[in-house]
Amino acid sequence: MHCQSNIINNVHDCLVILMLDRSGTVLTRTWALYELWQASLSGRPDKLVVLPTSWAWQDMMYPYVAMDFARSECRKEADRALLLREIQKFNDSSAPIEKMKDALITGAKREMFRSEILVVGGSPMKVLHAATAYALMLYLDSRFTDAEDILMGVLPKMEKTRGFNRHVETELMFQLSFVARDKGTSSRTEAYLQSCLRDGRAEDVGEELYYEAMLMYVRHLFEHQEFTKAELLCQKMIDMADDDSRMPVNLLQRFRARTRIQLASLSVAQRLAKDAQERIKEALNIGIQLETADGLIAASCYKILSECARLSPVEHGREEDLMRRSMSIHSRILGENHPETLDLKCYEAQVLAEEHKLAQAEALFQDVYRVRQQLLGSNHVSTIQALINIADLQRQQRKYKEAEASEDRLLTVSSVLLKHCRADVLQNFSLVVTFMETREHLLKKASPFITRAFIVFKEKFGREAEATKNTQKVLEEILAKERQQAADALGEAELNGSMEKYQTAEVFSGSLSLLPSSCSQMRTMCLLFKAGPTPYMMMQKTS
């Protein structure tokens, strides 16, 4: 479509109907972004309508977070330039992309309510599809609790509806598993995935949906180091694929390759390099047949082969070449800023760190941190993890000022998360808490901060909430370490007469008394330790 000025004027007045494709490609197109921008500026409440989309949400997150006019694509460069000039006329300094995302969420929500009003005499399934579209928008915006509430709320309403079958229910469970995974609720993720697998063998459930759920469950087991269960499930998938005659051949071959890649990853995690190589070569052959030696399947195989080379003394030294080949393919096909490309950069940085090339590793993590901060924000789990890696590498290089600055940034992030305490960010907060708990030099900063977190969680979520219990457990472990350090410092001070050690003992015993009264046993021990004047105070008085 050639971009004439009269076409632009028509866009101002027309209704915008958006249906997200499975890969989110529409969010990378200049024309689509321009129409979304116009919809976000319109005063009409019905300007934007968001229609239902695919059940597969896994590839939509990156296009959503990376929405950007500057990186958008258009069939004709002249059209793109004209549209960008049109946008620049408004000099909108208040983040137009954020307004567009708000418009997407509002449009999906309005369509859900409209479907509920029109359900009498209409199709109840339309309510379900509109609700899942709204839940998708909330999920993409990292509002996981809201998305989960929408999906769980629509499920009981639809169970007695004509047309609601096992496939639809499995779709809902699969979508809920995405939400629970990114929210960080591991037990719910597993429960939703098990429900998918339990119902997925019904005749009316699509094969592709069932395979995707199985692969996701394998990754879940892998992350929790349940390797035997994961391998058995992979073997089951291979046997199913060999007997499957309903699925298109190309799609089935892709699942065969992905299953073998996952099996090879399980072997690498158990340091079984030879088994991993055998499995990954099968996947590589399938990938070359489906795509080429420079396709994404092959790129994933090169990364596994790189890990195998690290484990094998015979092939040690080949890992960098294989890793760079994988990186090159991912960058060319997916882009430099894609999550999979960034994950490969993190892997390369870890390899460099193991080879004691700490400065190069830090530079790579700094690049990853910069991109993730720009796309995902400072509070995202992936951004926090990159900053933790940077802080650790700076300490290893004895760059203490830089390391302290990175650690202070982490404390600032966790303070912001605690201030706006929501269930959606507990996973992010937990990552910072684990970092502080496991670094001895941060114990003095950790105990008052985690004490405050415990109090906030107890008030917000209740004493019996998982977050409250986990925080109390971490707090008791930290204070036990501090009590031991205080006792050690006091003993050393009494032996050597060191005033500095007396001060250290007093500092640690002071932080111990901050423990909430609910941890009664530990608090009693702290108060006994602090009873009476401290040795340091007695020395000062004597002098």
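Of the residues making up the range 60-87, those that are part of a helix (DSSP H, G or I) and under 14 Å from Leu27 (Cβ atoms) number 5.
State yes or no: is Glu282 under 23 Å from Glu207 (Cβ atoms) and surrounded by 18 or more Cβ atoms within 10 Å (Cβ to Cβ)? Here the answer is yes, as Glu282 does meet what is asked. Counting the residues of the range 329-355 that are without any contact (Cβ under 8 Å) to a residue 60 or more places away in the chain, part of a helix (DSSP H, G or I) and under 18 Å from Thr383 (Cα atoms) gives 11. Pairs linking a residue in the range 239-254 that is more than 12 Å from Glu207 (Cβ to Cβ) to a residue that is surrounded by 10 or more Cβ atoms within 10 Å (Cβ to Cβ) and among the hydrophobic types (A, V, I, L, M, F, W, C), with Cβ atoms under 6 Å and 6 or more positions apart or on different chains, are Gln253/Ile286; Gln253/Leu290. Looking across the range 452-469, the residues that are in a helix (DSSP H, G or I) and either touching a helix residue (DSSP H, G or I) at 6+ places or on another chain (Cβ under 7 Å) or within 28 Å of Tyr400 (Cα to Cα) (or both) come down to Arg452, Ala453, Phe454, Val456, Phe457, Lys458, Phe461, Ala467, Thr468. Pairs please, first residue from the range 369-396 and within 24 Å of His420 (Cβ to Cβ) and assigned by TED's automatic domain parsing to the domain that holds Tyr62, second anywhere and modelled with pLDDT of 95 or more and surrounded by 19 or more Cβ atoms within 10 Å (Cβ to Cβ), Cβ atoms under 8 Å, 6+ apart in sequence or on different chains. Taking only residues 6 or more apart or on different chains, not a single pair turns up. For the range 242-265, a tally of residues being surrounded by fewer than 18 Cβ atoms within 10 Å (Cβ to Cβ) and of a type in the set (Gly, Ala, Ser) returns 1.
In this structure, Ala147 does not satisfy being in contact with a strand residue (DSSP E or B) (Cβ under 6 Å, 6 or more places away or on another chain), modelled with pLDDT of 80 or more and within 30 Å of His380 (Cβ to Cβ). Residues in the range 280-299: is at least one out of contact with any Ser or Thr (no Cβ under 8 Å at 6 or more places or on another chain), charged (D, E, K, R) and in a helix (DSSP H, G or I)? For the range 280-299, residues out of contact with any Ser or Thr (no Cβ under 8 Å at 6 or more places or on another chain), charged (D, E, K, R) and in a helix (DSSP H, G or I): present. Would you mind stating whether Cys346 is in contact with a helix residue (DSSP H, G or I) (Cβ under 7 Å, 6 or more places away or on another chain) and either small (Gly, Ala, Ser) or under 30 Å from Ala70 (Cβ atoms) (or both)? Yes: the conditions hold for Cys346. Going residue by residue through the range 372-387, is there one that turns out to be over 30 Å from His316 (Cα atoms), out of contact with any helix residue (DSSP H, G or I) (no Cβ under 9 Å at 6 or more places or on another chain) and not aliphatic (A, V, I, L, M)? Yes, the conditions are met somewhere in the range 372-387.
Yes or no, residue by residue, for (1) surrounded by 14 or more Cβ atoms within 10 Å (Cβ to Cβ); (2) in contact with a helix residue (DSSP H, G or I) (Cβ under 7 Å, 6 or more places away or on another chain); (3) over 30 Å from Phe178 (Cα atoms):
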site: Ala403; (1), (2), (3): yes, yes, yes
site: Thr434; (1), (2), (3): no, no, no
site: Arg439; (1), (2), (3): yes, no, yes
site: Ile450; (1), (2), (3): yes, yes, no
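I'd like to check something: does the range 212-221 contain any residue that is surrounded by fewer than 17 Cβ atoms within 10 Å (Cβ to Cβ), modelled with pLDDT of 90 or more, out of contact with any Cys (no Cβ under 8 Å at 6 or more places or on another chain) and in a helix (DSSP H, G or I)? Yes, the range 212-221 has at least one match. Going through the range 255-293 one residue at a time, which ones are in contact (Cβ under 8 Å) with a residue 40 or more places away in the chain, among the aliphatic types (A, V, I, L, M) and either more than 17 Å from Gln235 (Cα to Cα) or out of contact with any Gly (no Cβ under 6 Å at 6 or more places or on another chain) (or both)? The answer is Ile261, Ala264, Leu266, Val268, Ala269, Leu290.
Residues that are farther than 16 Å from Ser54 by Cα and modelled with pLDDT of 80 or more were ranked within the range 116-144; the one that is surrounded by the most Cβ atoms within 10 Å (Cβ to Cβ) is Phe144. Close contacts from the range 429-443, counting a first residue that is touching a residue at least 40 places away in the same chain (Cβ under 8 Å) and a second that is acidic (Asp, Glu), with Cβ to Cβ under 6 Å and a gap of 6+ residues or different chains, come to Leu443/Glu482.
Of the listed requirements (1) closer than 25 Å to Lys399 by Cα; (2) modelled with pLDDT of 95 or more; (3) aliphatic (A, V, I, L, M), Ile329 misses just one: (1).
The values are calculated or read from the model by the stated rules, or taken from the named source; none is laboratory data. Nothing here was measured: the structure is a model prediction, and the numbers come from that model. A quick note on method: Cβ atoms are made from the backbone with ideal geometry, for glycine too, and the neighbour counts reach across all protein chains shown.
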